[in-house]
Amino acid sequence: MQMPFEAKRCGVQFSPPSIVIIYEHKETKKVRKRVIPVRNFSKYSDCNMAAERLKNHPRHRDYLEAVTQSQLEKLHIILKDHMQGFSLVHSLASFHLDPDEDLNKLSDEELARKKGQMDKLFEKNRRHTADPNFVYDLEVDFTKPTTDRCSWDDESDDGF
Amino acid sequence: MAGDLGGISELDQKKYDADEQVKIICLGDSAVGKSKLMERFLMDQYRPQQLSTYALTLYKHTATVGSKTVTVDFWDTAGQERFQSMHPSYYHKAHACIMVFDVQRKITYKNLSNWYKELREYRPEIPCCVVANKIDADLKVTQRSFNFGKKQGLPFYFVSAADGTNVVKMFREMIKRAVDYKQNPSDFMDEVLQELENFDLEKKEDNSGEEDELKVES
């Protein structure tokens, strides 16, 4: 079933704290803005739960189909950071990905920040079931007669 | 501890002894895309069961292997990997293991050896594979060879949960191997180990001094 709305962009508004969705009405092709005030949310709230609540909200969920829960979580984190007095620059910097960082060591919220960032690429490269060239069991053979040895294997071979 | 064990048995791991039931576990660092892979394979039919107390997510799936219908429970971590180690019940009665790393993060590849070591402590014989996820980020990685697992003869897959490359193939092959493993009566290694553990346990109970409660699991 195709949703009548497709979210194009999402963002936040600090006052009053709201999530903003720019979406297209699939039938009329009209682009509209929806401002969703964030209720029962404070600087002590759990962003993950708040995001889940919004994602499943009966009045808003149809507009949020194309917005992942982790994107919503990220927006809530930005709102929460603002409530705690952090700047937007600070919030955005905290989403920065360092490929050498051990993410196992992060707290739930710190990890959510990184995952939100990774989701950007995921969504960009994602092939949806609705795409005309979607193949469920897509197979690609990568076996090659000569392969470069992976530099990740080069150093100490402990356990490898 | 008794409460803890009672809780785990609520998951009713006995059912995995039945012929038509297999348990497949996922291992790997935080944010390598384990859940995303599950969701890509199961598509719309996925109904994950969150067991947040155990930092665990279960996905149920029905598959046809040959002429048989099997119920597959996929066990996915929900942050438990943060402790660099999984609770023994995670491995208990597993029939196959999918180990995942992120091709964009070397540390997740390096950590495979720790995950594999822990897996083999609990499940020395079950089929296992190595999955290189997120190849959509940079297809050039597929020209490289990743040697971890080669010595152990583990199958290797380049996959992308985002565009779907090789995801279904990998899951289907692992389900088949899990079922084969379960049906292969010559492979009695696990039972032997089980017996040994029980034996250990009995001895310890006799001593009644030190207790190793983790072993009660098995």
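The values are calculated or read from the model by the stated rules, or taken from the named source; none is laboratory data. Treat the numbers as computed from the prediction; the structure is a model and nothing was measured. Backbone-built Cβ (ideal geometry, glycine too); neighbour counts: all protein chains shown. We work out accessible area using only protein heavy atoms, side chains counted, and drop any ligands, DNA or RNA first. Shrake-Rupley method; radii C 1.70, N 1.55, O 1.52, S 1.80 Å.
Tabulated data for the structure shown
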{"read-out": "Filter result (at pLDDT 90 or above and in contact with a helix residue (DSSP H, G or I) (Cβ under 6 Å, 6 or more places away or on another chain)) within segment B:169-203", "value": "B:171"}
{"read-out": "Any pair with Cβ under 6 angstrom, 6 or more apart, that starts in segment A:62-82 at a residue that is of a type in the set (Asp, Glu) and ends at one that is open to solvent by less than 50 Å² (accessible area, probe 1.4 Å)", "value": "A:62/A:3; A:62/A:5; A:65/A:3; A:73/A:47; A:73/A:51; A:73/A:112; A:81/A:91"}
{"read-out": "Evaluation of residue B:93 against (1) farther than 20 Å from residue A:106 by Cβ; (2) over 14 Å from the mean Cα position of the chain (by Cα) (one fails), failing number", "value": "(2)"}
{"read-out": "Of all residues making up segment B:119-134, the number that are open to solvent by 10 Å² or more (accessible area, probe 1.4 Å) and not aromatic (Phe, Trp, Tyr)", "value": "7"}
{"read-out": "Residue that is most open to solvent (accessible area, probe 1.4 Å) [pool: residues in segment A:71-103 that are within 14 Å of another protein chain (Cβ to nearest Cβ) and more than 19 Å from the chain's Cα centre (by Cα)]", "value": "A:100"}
{"read-out": "Residue within segment B:141-154 that is assigned to a strand (DSSP E or B) and within 20 Å of residue B:75 (Cα to Cα) present", "value": "no"}
{"read-out": "Enumeration of residues in segment A:110-142 that are modelled with pLDDT of 90 or more, open to solvent by 80 Å² or more (accessible area, probe 1.4 Å), closer than 30 Å to residue A:79 by Cβ and at the interface with chain B (Cβ under 7 Å from one of its Cβ atoms)", "value": "A:126"}
{"read-out": "Residue within segment B:135-157 that is closer than 25 Å to residue A:117 by Cβ, of a type in the set (Lys, Arg) and surrounded by 17 or more Cβ atoms within 10 Å (Cβ to Cβ) present", "value": "yes"}
{"read-out": "Filter result for the condition that a residue is in contact with a helix residue (DSSP H, G or I) (Cβ under 9 Å, 6 or more places away or on another chain) and at pLDDT 90 or above, over A:92, A:88", "value": "A:88"}
{"read-out": "Any hit, segment B:79-99, residues being part of a loop (DSSP other than H, G, I, E, B), within 19 Å of residue B:171 (Cβ to Cβ) and within 14 Å of another protein chain (Cβ to nearest Cβ)", "value": "no"}
{"read-out": "Residues (open to solvent by 50 Å² or more (accessible area, probe 1.4 Å) and modelled with pLDDT of 90 or more) located in segment A:40-53", "value": "A:40, A:43, A:44, A:46, A:49, A:52, A:53"}
{"read-out": "Candidates B:108, B:71 - the one that is over 20 Å from residue B:146 (Cβ atoms) and out of contact with any Cys (no Cβ under 7 Å at 6 or more places or on another chain)", "value": "B:71"}
